[in-house]
């Protein structure tokens, strides 16, 4: 196989940008003395048969040059690695080529803006460079040993004993305490209706105790491998506000494919602390209302496999079921009363559902329209000579 590792890396120059309501979860200060990406790349230097690494540099347009230089300096500190740096400059040319290939495709399917479109940019870059598999890793993660590549590619592109193709595979992460399970200590009323922890842990315990490769209800976006037979057929959803990794599992199932879980493949996740919980909560409200509307619309299409809450129990089925409305209402009210973000949560309690339903209804058909263009987009990008040269020029070669 000819794999590549794709690492989305989020950067901002000002503290206000790092903590603004619309900011990405893990943005790094350009002036940080200890950026997460540096530790991530250091952990990759130990890996046997390490492949090309693509770093997608997500930042405001005004800081593109500064972010490129910062990432270039970090890459230079790890001379054993071949690192291709993709900034807004390279992304604009790829985006323009996608527009030429599919002028009627909705929205901006391949971009360095929005979680789903950023993932699609990683797939596009891999495709341009003729890689037949993509391993997604987050920049706030560390790989755990020299056999990372071997473990990541195990069974990918092969079949189960039942003859089912293994084209998408998720591992999992250990948290700072060394556990693969979600923390269940937050059990107060502000979390009671808005926690996946118990359901997730029930599923995870069963998966960890089972066979090495099993059908998955979960995707760890920072420990996720895709074969070209998956990523040239199925795109990430640019309209999902959060959780684009789990949404990819739903998209695969709509196409009659599965994501598989490998209980021997793991990374260590060390995310920085985050703030502004009310804006993130609202992003999740948008996410689940959109997810419910999209999957309901897709279930009415004769050429797609319906994805229902019942098929994804105990997790994540409840989150796009009829329980969602009460979960949102009760959580927003509890947090409006019992947290410091009174105004933010009260605004969500009053208007959040209406706004989320409007967004869902306005956008629920767009992903399926994109899907009709995706294979031809990927076919057109494959080994595109001009774009290959551009990306090779943006590559720091291993010494």
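Things worth noting here:
- The C-beta contact set for the range 274-286 (first residue over 21 Å from residue 116 (Cα atoms), second residue at pLDDT 90 or above and buried (at least 22 other Cβ atoms within 10 Å of the Cβ), distance under 6 angstrom, 6+ apart or interchain) comprises 278/345.
- Residue 268 assigned to a strand (DSSP E or B), surrounded by fewer than 22 Cβ atoms within 10 Å (Cβ to Cβ) and within 17 Å of the chain's Cα centre (by Cα): yes
- Answer residue from the range 20-37, given it is at pLDDT 70 or above and out of contact with any helix residue (DSSP H, G or I) (no Cβ under 8 Å at 6 or more places or on another chain) and is farthest from residue 281 (Cα to Cα) among those: 33
- Near pairs, Cβ below 9 angstrom, 6+ apart or cross-chain, from the range 371-385 (closer than 11 Å to residue 101 by Cβ) to any residue that is surrounded by fewer than 13 Cβ atoms within 10 Å (Cβ to Cβ) and at pLDDT 95 or above: 373/104; 380/100
- Residue satisfying condition, being part of a loop (DSSP other than H, G, I, E, B), under 17 Å from residue 381 (Cβ atoms) and touching a strand residue (DSSP E or B) at 6+ places or on another chain (Cβ under 7 Å), within set 81, 112, 123: 112
- Hits in the range 154-195 (condition: outside any strand (DSSP E or B), over 29 Å from residue 332 (Cα atoms) and in contact with a strand residue (DSSP E or B) (Cβ under 6 Å, 6 or more places away or on another chain)): 155, 156, 157, 166, 167
- Answer from 161, 233, 192 - the residue that is free of Cβ contacts under 8 Å to residues at least 60 places away in the same chain and either over 13 Å from the mean Cα position of the chain (by Cα) or closer than 28 Å to residue 345 by Cα (or both): 161
- Among (1) touching a helix residue (DSSP H, G or I) at 6+ places or on another chain (Cβ under 8 Å); (2) modelled with pLDDT of 95 or more; (3) in a helix (DSSP H, G or I) - the single one residue 249 does not satisfy: (1)
- Subset tally (residues that are within 13 Å of residue 190 (Cβ to Cβ) and free of Cβ contacts under 8 Å to residues at least 12 places away in the same chain) for the range 330-356: 3
The values are calculated or read from the model by the stated rules, or taken from the named source; none is laboratory data. Given the structure is predicted, the values throughout are model-derived calculations rather than measurements. All Cβ positions, glycine included, derive from the backbone under ideal geometry; neighbour counts span all protein chains shown.
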